[in-house]
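To keep things clear, I will list the structure first and then write my remarks on it.
Since every read-out is calculated from the coordinates, none of them should be taken as a lab result. Just so you know, these numbers come straight off a predicted model, no measurement behind them. Glycine also receives a Cβ, built like all others from the backbone with ideal geometry; neighbour counts cover every protein chain displayed.
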Ligand code: DC
């Protein structure tokens, strides 16, 4: 199977880029962050204490999480309900980041991710795909951008969705999540030694895609 790993911090453009590659190469797109968000949402909905071992294992052991593709778009189902929109709510981001630092949660979701990657050609975006989930991925990209550029992109996205937020809050949340995601002990956000780093701060999406297409053809992947 062909596996392409796109890792990097929040708001670097990973999902837009990964979706475009998947659509053009006709392969599966797996947004692994959405899976952590679904667990974060479950913690929120059940008002659970994620740091209580029993409460967390109750959530993980009974996790009814399904990733489906509707008209080529990834939809996330939790307990049979389409929660694709709910998991994008601003307050779920921090919960997702917190719960993703807990090894039991990572082990559970990494197992699901590996099973999907084993049976289909896919492009996965996340934080630890190249370093931990799929260390043998055919191509590894580490996509970054400055915190200010990422905050501006996220701010515009949230406004467009009608969510009321302040830019300064978005920036401070991004910095906090970067710190959280990079400093956790287990499979932190980190560039794999053999990943190609692309700083998208001053690049358009089309430019980033062109660079990645070039890398894919150099590697003889597509
Ligand atoms: O990509 P995102 O913002 O939707 O991800 C939400 C959170 O999930 C993020 O703060 C870190 C975590 N995450 C992770 O730890 N590992 C991944 N492979 C993907 C996301």
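For the stretch 1-59, what's the radius of gyration and Dmax over Cα atoms, in angstrom?
When restricted to the Cα atoms of the stretch 1-59, Rg and Dmax are 15.5, 44 Å.
Pairs of alpha-carbon atoms within less than 8 angstrom and 6+ residues apart define the contacts here; what relative contact order does the stretch 61-155 have, in percent?
11 percent
Alpha carbon centre of the stretch 162-191 versus the stretch 6-66: separation in Å?
If we compute the Cα centre of each part, the gap is 15 Å.
Once you have the alpha carbon radius of gyration of the chain, what is it after dividing by 2.2 N^0.38 Å, with N set to its residue count?
0.97
Only Cα pairs under 8 Å and at least 6 apart count here; give the relative contact order of the stretch 43-84 as a rounded whole percent.
Once divided by the residue count of the stretch 43-84, the mean separation gives 23 percent.
Over all distinct alpha-carbon pairs, what is the Kirkwood Rh of the stretch 128-173 in angstrom?
12.6 Å
For the stretch 9-134, what is the per residue volume of the convex hull drawn over the alpha-carbon atoms, in cubic angstrom?
For the stretch 9-134, the hull spanned by Cα atoms encloses 105 Å³ per residue.
Starting from the 7 Å offset along Cα-to-Cβ, what nm value, one decimal, do you get for the label separation of residue 15 and residue 46?
2.3 nm
Can you tell me how much longer the chain between residue 219 and residue 161 gets when fully stretched, taken as 0.36 nm per residue apart minus their C-alpha distance, in nm with one decimal?
Once the chain is fully extended between residue 219 and residue 161, it gains 17.1 nm.
Counting pairs of Cα atoms in the stretch 161-208, how many percent are more than 17 Å apart?
Distances greater than 17 Å cover 61 percent of the Cα pairs.
From largest to smallest, what semi-axes in whole angstrom does the stretch 95-198 give when each is the square root of 5 times an eigenvalue of its alpha carbon gyration tensor?
Equivalent ellipsoid of the stretch 95-198: 26, 16, 14 Å, largest first.
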